Amino acid sequence: MASKIAIIPGDGIGPEVMKQALKVLEALKSDYTLDVDYDVFDWSSDYYLKHGRMLPEDGLEKLKNYDAILFGAIGDSRVPDDVTVWELIMPIRKTFEQYVNFRPVKQLKGITSPLADSHSGEIDFVILRENSEGEYSNSGGLMFHGQEKEMAIQNSIFTKAGIKNIAEFAFEYARKHHYSKVTSATKSNAITHTMKFWDKEVGKIAESHRDIDYEKVYVDALAAKFVQQPEEFQVVLASNLFGDILSDLGSAVAGGLGISPSANINPSGEYPSMFEPVHGSAPDIAGQGRANPIAQVWSLALLLEHIGRNDLHDHILKAIEKLLLDKTQVTNDIGGSASTEEAGDALVKILRESKVELT
Ligand code: NAD
Ligand code: MN
């Protein structure tokens, strides 16, 4: 039976880079047995301005029928950012219990890290970010509005089950992929309730995975280490907020937002998982044909791996590495001179020319 994918291009550069990912998907479909059908949904800020909501009332119900979701990016100056995030991305992540946010930090061949002068080791690790609770809770409020003592409270919600789920995923991931160490980001010296609880629950899971080394590092020091010794890391486990910040840093260290992919995974497989670039809608370059399509295409590769096509994932990554060898084929953010469209076309050409017998 064909796998069904829901495509949500979104706003800004989202549709521009999604177009390139769909070209890649079409090329793979015609060159290999890849039994995938997809539908495109125009849920975006434009949709919101027309209908007063980011997605139709039965939108989530519709998505439930898909095996996976490929997402572009959202964000538009005409709609508040918290509306686009809390009415589209968050409901998808939460409803479909996508409690794992997976972000590879891998320096591809042909990418120069901004740290190139200061270190020589290979940057290749993964960040596993808790994706459904923690600091991103929308619980709290503004008090004493307009008064001198006006204040805001934002609650963080950490549950035993939530921490256990992400920690177990991290240690199991390490085991499965032959990593020997999990690094947990914490701040229990200053955030004394939630982060101590995080340490305690992660510690328990570490105890039951004695074959994997476990270290906890304060997130501020960890940020510095990402820059000073990025080759030290294997699996980094973090709460929602810490993981969000660390993964943009990880992305910058490995070559930039233009190439970094992510996966929002529902490990039980009961609901669809969602794949999207780490970057946003990049309004500063939208409409100029300058967006780098690699992050979106790499996200597609992660999606294909998720639906069982490891071979096509690897094939796409090799093609991206080949693309990176020629600066006239890549976009300006990574030192090239190609437009979004040219980079996408060059990638498709490489994929077709390197057609291999896949297993
Ligand atoms: P951003 O990721 O959109 O842009 C940050 C910088 O990186 C910009 O200078 C941009 O030009 C550059 N950049 C990003 N992607 C690129 C690409 N593919 N090629 C070349 N350069 C690229 O982050 P931001 O500026 O903080 O946010 C812009 C909007 O995106 C906001 O509305 C924000 O809420 C939204 N956003 C959405 C998501 C999402 O959809 N998951 C994620 C982050 C931000
Ligand atoms: Mn982010």
- Message: Place a point 7 Å from Cα of Asp31 in the direction of its Cβ. Which residues in the range 327-348 have their backbone N less than 15 Å from it?
- Response: 344-348
- Could you point to the residue in Leu142, Ala152, Ile166 farthest towards the positive end of the range 139-200's charge dipole, with +1 and -1 charges on the Cβ of Lys/Arg and Asp/Glu respectively? Ile166
- Item | For the chain, calculated [θ]222 nm from helices alone, where every DSSP H run of n ≥ 4 adds -39500 (n - 2.57) | -11500 deg cm²/dmol
- Query: Over the Cα atoms of the range 242-359, Rg to Rh with Kirkwood Rh, two decimal places?
  - Reply: 0.98
- Within the range 188-292, GluC sites (Glu not before Pro) in DSSP loop having at most 11 other beta-carbon neighbours inside 10 Å: Glu270
- Message: Give me log10 I(q)/I(0) at q = 0.13, 0.16, 0.24 Å⁻¹ for the range 42-92, Debye formula, one equal scatterer per alpha-carbon, no solvent.
- Response: -0.28, -0.43, -0.94
- Item | Virtual paramagnetic centre 7 Å along Cα→Cβ of Asp326, amide N under 20 Å, in the range 285-313 | 290-295, 297-298
- Among the listed pairs Lys62/Lys164; Lys106/Lys187; Lys50/Lys94; Lys94/Lys204, give every one whose C-alpha distance is greater than 28 Å. Lys62/Lys164
- Give the Cα extents of the range 113-254 along the principal axes, in whole Å, largest first. 55, 39, 23
- Note on the structure: Placing one equal point scatterer on each C-alpha of the range 210-255 and summing with Debye, one gets log10 I(q)/I(0) at q = 0.16, 0.18, 0.20 Å⁻¹ equal to -0.42, -0.53, -0.65
- Taking only the alpha carbons of the range 179-287, the radius of gyration and the largest Cα-Cα distance, Dmax, both in angstrom, are 15.8, 51
- the range 1-155 - Rg (one decimal) and Dmax (whole number), Cα, Å: 19.8, 66
- In the chain, whole DSSP H helices that both stretch 15 Å or further along their axis by alpha carbon positions and average at least 0.5 on the Kyte-Doolittle scale are 240-253, 294-306
- Can you tell me how much longer the chain between Arg352 and Glu215 gets when fully stretched, taken as 0.36 nm per residue apart minus their C-alpha distance, in nm with one decimal? 44.9 nm
- Task: Enumerate by residue number the trypsin sites (Lys or Arg not before Pro) in the range 273-359 meeting two conditions: DSSP loop (anything except H, G, I, E, B), and at most 12 other Cβ atoms within 10 Å of the site's Cβ.
- Result: Lys355
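Restricting to the range 113-254, what percent of DSSP beta bridges are antiparallel, rounded to 5? Display every interim value, and only then the final one.
On the way: 6 of 19 bridges.
The answer is about 30 percent antiparallel.
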- Size of the chain along its principal axes in angstrom, Cα-based, largest extent first? 59, 51, 43
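None of the figures in this text is laboratory data; all of them are computed from the coordinates on show. If you're wondering where the values come from, they're calculated on a predicted model, not measured in any experiment. All Cβ positions, even for glycine, are placed from backbone atoms using ideal geometry, and neighbour counts span all protein chains on display.
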